[in-house]
Amino acid sequence: MKITKMAGGLLFPEGPVALPNGDVLVVEIHRGTLTRVRQDGTTSVVAEVGGGPNGAALGPDGRVYIANCGGLRRFEVGGFVFAGGIPDDYTTGSIQAVDLTDGSVETLYTEADGAPLRGPNDLVLDAHGGIYFTDYGKSDGVTGDKGRLFYAKADGSSIKMIAGGMEGPNGIGLSPDGDRLYVSETYTARVWWWDVTGPGEIKGGRSLGGSGNGNFLYTAADYTNFDSLGVDAHGNVNVASMIHAGISVVSPSGKLVDFVGIDVDDDPGITNICWGGKDMRTAYVTASSTGQLLKIDWPRPGLKLNYAD
């Protein structure tokens, strides 16, 4: 596969969003911005969102919705940049919406049922104008939160927790017909799924002790950390991974279809994937630990997300 370095110099990019004109939006966790990457590789700040923007997606009103974890500490291992822990200026996590026409930022949610959002990580919007999102939680290195899943309306009118007790829920996605919700956990390197029985209603319970009462789908065979995920047009779950850098392509039945190793400047931090282009065969992948956005000719078409136009 042809891999092109589309942009560099980004401060821990995640949450790529392919736009119809060929530009790509990313969030920069260590910069606190939503950033536009043009086709020629030049970048510009769309909005200063603060905290730690972690995931992004287009919504029904044309705005970009952001899962903001409230910030993460920057640290290096072997010369590579990572993100974790609780920064000194942390206040709360949030769900935000950015108007692409003027860069204005609206904070929609900072709590649910009186409990604060701790570390929203990634999000996906359904066909009903609702947002499913993961809350990874926060850890000081000694104690840490259990992860949660939420469902919220994009118009800011309601939010509710739909699962709890998880171990670092990170990536989240919907199946092509919207009847399954998938979530990846980072340190367990596991993928879980639930039946979607209605907007914001999920049902698991097929796996004894499943995280968040989810159904087990897949786990990595070797030591790795799962990050975000994207679902392709065939319904496969494409999970980005750190340490064993690349993308695991997992079928809806839990079989490993492919592992696409991505070795760019030895970056161990492959964190996100999305697709664009006329045939949805152009993958955009974040190599976060070296601050790069990659453009890859992908063997299978990606799923066109709700509101992608």
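The values are calculated or read from the model by the stated rules, or taken from the named source; none is laboratory data. Just so we're clear, the structure is a prediction, and the values are computed from it rather than from any experiment. Cβ: placed from backbone, ideal geometry, glycine included. Neighbour counts: every protein chain shown. The area values use the complete protein model at the heavy-atom level, side chains included, leaving out ligands, DNA and RNA. Shrake-Rupley method; radii C 1.70, N 1.55, O 1.52, S 1.80 Å.
LEU208 meets all of the listed conditions (1) within 28 Å of VAL98 (Cβ to Cβ); (2) out of contact with any Pro (no Cβ under 9 Å at 6 or more places or on another chain) but one, namely (1).
Where strands (runs of 3 or more DSSP E) fall wholly inside segment 163-212, no range has 2 or more residues that are among the aromatic types (Phe, Trp, Tyr), modelled with pLDDT of 95 or more and open to solvent by 20 Å² or more (accessible area, probe 1.4 Å).
The set of residues in segment 279-309 that are more than 23 Å from PHE82 (Cβ to Cβ) and aromatic (Phe, Trp, Tyr) comprises TRP298, TYR307.
Taking the criterion of being open to solvent by 20 Å² or more (accessible area, probe 1.4 Å) and among the acidic types (Asp, Glu), the residues of segment 24-71 that qualify are ASP40, GLU48, ASP61. Of the residues that make up segment 81-93, is at least one open to solvent by less than 10 Å² (accessible area, probe 1.4 Å), free of Cβ contacts under 8 Å to residues at least 60 places away in the same chain and in contact with a strand residue (DSSP E or B) (Cβ under 8 Å, 6 or more places away or on another chain)? Yes, segment 81-93 has at least one match. Restricting attention to segment 126-154, the residues that are outside any strand (DSSP E or B), in contact (Cβ under 8 Å) with a residue 40 or more places away in the chain and open to solvent by 20 Å² or more (accessible area, probe 1.4 Å) total 5.
One line per residue, one yes/no per condition, for (1) closer than 19 Å to VAL37 by Cβ; (2) of a type in the set (Ser, Thr, Tyr); (3) outside any strand (DSSP E or B):
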site: VAL231; (1), (2), (3): no, no, no
site: ALA240; (1), (2), (3): yes, no, no
site: ILE273; (1), (2), (3): yes, no, no
site: MET280; (1), (2), (3): yes, no, yes
site: THR286; (1), (2), (3): yes, yes, no
site: LEU293; (1), (2), (3): yes, no, no
site: ILE296; (1), (2), (3): yes, no, no
site: PRO299; (1), (2), (3): no, no, yes
site: ASN306; (1), (2), (3): no, no, yes
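Listed by first and then second residue, the pairs with beta-carbon distance under 7 Å, at least 6 apart or on different chains, first residue in segment 97-117 and under 20 Å from VAL17 (Cα atoms), second at pLDDT 95 or above and open to solvent by 70 Å² or more (accessible area, probe 1.4 Å), are ALA97/GLU106.
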